[in-house]
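Working notes for the structure below.
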Amino acid sequence: MFNYTIRRSLLAVPTLLLISLIIFLLLDLAPSDPTANLPLTIPPEVREKIRQSLGLGDPIYIRYILWCKQFFINEPLNILEHIFGWQIGGDRLRVLSWQTRSPVVDLIVQRLPQTLWVVGLSYVLGIVIAVPIGVISAYRQYSWFDQIGTFISMVGFSVPTFFTGVLLIVIFSVWLGWFPSIYDTTHQVTDWSSFLVQVKQMIMPVSVLALFNAAQISRYMRASMLDNLNQDYVRTARAKGVRERIVVLVHVLRNSLIPVTTVIALGVPQVFGGAIITEQVFKVNGLGQLLIIAIQGGDVPVVQTLTFIFALLIVLFNLIADVLYGVLDPRIRYD
Amino acid sequence: MAELRQNPLVEIEGLKVHFPIHAGVFRRHIGDVKAVDDVSLQIYEGETLGLVGESGCGKSTVGRAVIRLYELTDGHIKIDGRDISHAGADELRPMRPAMQMIFQDPQASLNPRMTVSAIIGEPLDEHQSLSPSERIARIYELMDQVGLNRSFANRYPHEFSGGQRQRIGIARALALNPKFIVCDEPIAALDVSIQAQVVNLLEELQKKFGLTYLFISHDLSMIRHIADRVAVMYLGKIVELAPRDDLYADPAHPYTQALLSAVPEPDPEHEAKRQHIILEGDVPSPSNPPQGCNFCTRCPKAMDICHEIEPSFHAVGDGRYAACHLLEDR
């Protein structure tokens, strides 16, 4: 297992380098101009100078290698310095955003908490809701509970979040006035009442995303439980005289969770990727929103860095899912 | 044998297991699959009752219903004098140690995420309170009894061969010192060489612990080897029940005759001359059995009465029973 993990990690290095190159080429091919958002009164020769100052005059391979050096060498060194208080020294150029001129990593660090709170919490909540629903739905297949649960999960799965989000805003912010329609990132939690305000502004974005996540996971859970409930070993457990609760929760659920765990692990990068649309609807300025703004502004370094981090997370969690599968299922052996 | 006959351990009376068929938009109940339809038999203490029949005739359903892994539609089951036909799950649990089952598919019937010692030990945890050292000692004892190496205790089922897995299943079934074991085609999924090993192990354990078996199989020669009495099933009903030697020497029911004629002879000269009884057609659907005798659609000796009146299951000699109009005056 250890060797397998090491081998997979080593294999991931060329994969990721290739991914970063593809992203870079795609962005270069895209007809976006970082100066397009500037006022039209700026004369073309000044625009050209701005482009040159952003480094766009260099050939593409120079720009790519520069980004690689900044991202793979300079930024990790910075992080090490920051964490351990070392002074490695040297003049290191960081990956800078073209729009804000601030280092991209700093932008990400600023945006990450909002995304983790809203999107991460909705993911956790989605799992917590989905697992029991999936278990009960499967155990009482075709019962009323199952019918309603399956219907709701179909709705949650098929209705896009920009619809449910706006619907919730119309109902709870416009008509009822219970919750704010905009997520205020500057809000500080200092005491009980400000905590309540924070909870209030989180309820709508979190529940929109939780519905979507729960819908997906509960379907997997139900299907996996149904698979296992009819297995012979369940009958064996009953024949042993094991309590029904233990039959379902120990024998069936443990085996059913194996594929579901994989699905859950594979879904985690989406949490970091931010729910781009939902963040936009509720004005949560998380990573998803950062990506959207950067795309609109032709801010290549931000888009490049963010997209690459998503790719990194996807590769990482694929590996985690595979390793988890090996840990949970004794029939799987990697060597 | 005669003195054993006095003491039935398992009494089955009028056992019916019907599975409802739902169909249509509202999943209305439109009929039943009559998997087991009015089966009565007794299994005496210490004997092996073989239950044979073709696929889908309901033999496995009988086996599972006897130890109440299915809900009964009708009928009564007494094991060791206690009526378990309508006991609830909580009432049934303490009775489970006395009745156990060995399943057909040794791969699927073992939880893939439990080690051998966890599989064998689980019934001990549920029904007895042993100290950890007593528990492991008992697990080793059981593994010795079924011929499994003790060092396999911490392995998972997928690491074993089919025969070894079936030994795990047998050790598990033996864990609580049962009196009665339903063997549901325990050898059907095994190689022929392993089949003999497992059957010999079952016989050995029977002698050692005085076990009573309900041995379900479609393998007539294996039943001949292991069973004391044989019951033949067709389409949810028992058509013939007789001591082994009588049944194989002189099958009374036309279906039994047809079944036995399908067993190949080892002697090629004899085999070439032998008359086979070849049944025409297919088994009717158990959701819509024919009127009269269930076998009338395929019986080579069917008479008019067979299509109208269901034959009763009656004695046709010393300890022999059959359900056939031809035998009613015997």
Set of lysines with alpha-carbon distance to A:K200 below 26 Å, sequence-local pairs under 8 removed = A:K283
Lys/Arg +1, Asp/Glu -1 at C-beta; the protein assembly as shown dipole; positive extreme among A:A311, B:T48, B:G317 | A:A311
0 to 90° range, to nearest 10: angle between helix A:192-229 axis and chain A longest Cα axis = 50
Which residue fluctuates the most in chain B, going by a Gaussian network model with Cα springs under 10 Å, if the choices are B:S131, B:S60, B:S161?
-> B:S131
For the stretch A:1-53 versus the stretch A:264-335, the gap between their alpha-carbon centres in whole angstrom | 17
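Roughly how many debye, to the nearest 20, is the charge dipole of the stretch A:108-328 about its Cα centre, given +1 on each Lys and Arg Cβ, -1 on each Asp and Glu Cβ, and no other charges?
Numbers: 12 positive and 9 negative charges, 146 e Å.
Roughly 700 debye, rounded to the nearest 20.
Counting only DSSP beta bridges with both residues in the protein assembly as shown, tell me the antiparallel percent, nearest 5. Could you put the intermediate results ahead of the total?
Numbers: 32 of 50 bridges.
DSSP beta bridges in the protein assembly as shown are roughly 65 percent antiparallel.
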Checking A:S158, A:S97, A:S194 against a Gaussian network model of chain A (alpha-carbon springs below 10 Å), the top fluctuating residue turns out to be A:S194
What is the dipole size for the protein assembly as shown, taken about its Cα centre, with +1 at each Lys and Arg Cβ and -1 at each Asp and Glu Cβ, in debye to the nearest 20?
-> 2240
Listed pairs B:K16/B:K208; B:K59/B:K273; B:K208/B:K237; B:K207/B:K237; B:K34/B:K78; B:K78/B:K208 exceeding 27 Å between Cα atoms | B:K16/B:K208; B:K59/B:K273; B:K208/B:K237; B:K207/B:K237
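Around B:T297, what is the net charge, scoring Lys/Arg as +1 and Asp/Glu as -1 over all other residues with Cβ under 15 Å from its Cβ?
On the way: positive: B:K237, B:R298, B:K301; negative: B:E54, B:E280, B:D282, B:D304, B:E308, B:E310.
Summing Lys and Arg as +1 and Asp and Glu as -1 gives -3.
Rounded to the nearest 20 debye, what is the charge dipole size of chain B about its Cα centre when +1 sits on each Lys and Arg Cβ and -1 on each Asp and Glu Cβ? Write down the numbers at each step before the final one.
Values: 33 positive and 46 negative charges, 202 e Å.
For chain B, the charge dipole is close to 960 debye.
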Between the stretch A:115-192 and the stretch B:40-54, the Cα center-to-center distance that results, in Å | 57
Size of the stretch B:72-189 along its principal axes in angstrom, Cα-based, largest extent first?
-> 45, 36, 23
Cα-based radius of gyration of chain A once divided by 2.2 N^0.38 Å, which approximates compact folds = 1.21
Could you work out which residue, out of A:Q114, A:Q70, A:Q201, moves most in a Gaussian network model of chain A, that is, has the largest mean-square fluctuation with Cα springs under 10 Å?
-> A:Q70
Roughly how crowded by other chains is peptide B:104-117, in terms of the mean Cβ count from those chains within 10 Å of each of its Cβ atoms?
-> 5
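Going by the alpha-carbon gyration tensor, a ≥ b ≥ c the square roots of its eigenvalues, is chain B rounded (a/c under 1.5) or, if a/c is not under 1.5, prolate (a/b greater than b/c) versus oblate? Show your work: numbers first, answer last.
Working: a/c = 1.82, a/b = 1.49, b/c = 1.22.
Prolate, because a/c is 1.5 or more and a/b exceeds b/c.
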Out of B:A137, A:W192, B:A189, whose Cα points farthest toward the positive end of the dipole of the protein assembly as shown (charges: +1 Lys, Arg; -1 Asp, Glu; placed on Cβ)?
-> A:W192
With θ set to phi - 60° and the Karplus curve 6.51 cos²θ - 1.76 cosθ + 1.60, what are the ³J(HN,Hα) couplings of the stretch B:282-297 in order, to the nearest whole Hz, using x for Gly and Pro?
-> 10, 5, x, 5, x, 7, 9, x, x, 6, x, 6, 4, 8, 4, 6
Solitary cysteines of the protein assembly as shown, where the nearest other Cys Cβ is not under 4.7 Å | A:C68, B:C57, B:C183, B:C299, B:C324
With the 8 Å Cα cutoff and a minimum separation of six or more residues, chain A has a relative contact order in percent of 27
With -39,500 (n - 2.57) per DSSP H segment of 4 or more residues and division by the full residue count of the protein assembly as shown, the 222 nm estimate, nearest 500 deg cm²/dmol, is -15500 deg cm²/dmol
Measuring from centroid to centroid over Cα atoms, what is the spacing of the stretch B:272-330 and the stretch B:217-270 in Å?
-> 15
Among the lysines, which have Cα under 27 Å from the Cα of A:K69 when same-chain residues fewer than 8 positions away are ignored?
-> A:K49
Positive-end residue of A:G267, A:M204, A:T150, charge dipole of the protein assembly as shown with Cβ unit charges = A:M204
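When only C-alpha pairs under 8 Å and at least 6 residues apart count, what is the relative contact order of the stretch B:1-132, in percent? Don't skip to the answer; put the middle values down first.
On the way: 161 pairs, mean separation 31.7, N = 132.
The value is 24 percent.
Let me know the shape class of the protein assembly as shown, please: from the alpha-carbon gyration tensor, a ≥ b ≥ c as square roots of the eigenvalues, rounded when a/c is under 1.5, otherwise prolate if a/b is greater than b/c, or oblate. It would help to have the intermediate numbers written out before the result.
On the way: a/c = 2.87, a/b = 2.48, b/c = 1.15.
It is prolate, given that a/c is not under 1.5 and a/b is the larger ratio.
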Determine, from the Cβ-Cβ distance of B:E159 and A:D191 and an R0 of 56 Å, the FRET efficiency 1/(1 + (r/R0)^6), rounded to the nearest 0.05.
-> 0.45
Can you tell me the relative contact order of chain B? Whole percent, Cα pairs under 8 Å, sequence separation 6 or more.
-> 19
With a Förster radius of 56 Å, plug the Cβ-Cβ distance of A:L38 and A:I83 into 1/(1 + (r/R0)^6) and report the FRET value to the nearest 0.05.
-> 0.90
What is the stretch A:255-326 by shape, rounded, prolate or oblate, if you read a ≥ b ≥ c off the alpha carbon gyration tensor as root eigenvalues and call it rounded for a/c under 1.5, prolate for a/b larger than b/c, and oblate otherwise?
-> oblate
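Every read-out reported here was derived from the displayed coordinates using simple, explicitly stated rules and does not represent laboratory data. The shown structure was predicted, so the numbers you read here are calculated from the model rather than taken from an experiment. Cβ sites come from the backbone with ideal geometry, for glycine too, and all protein chains shown count toward neighbours.
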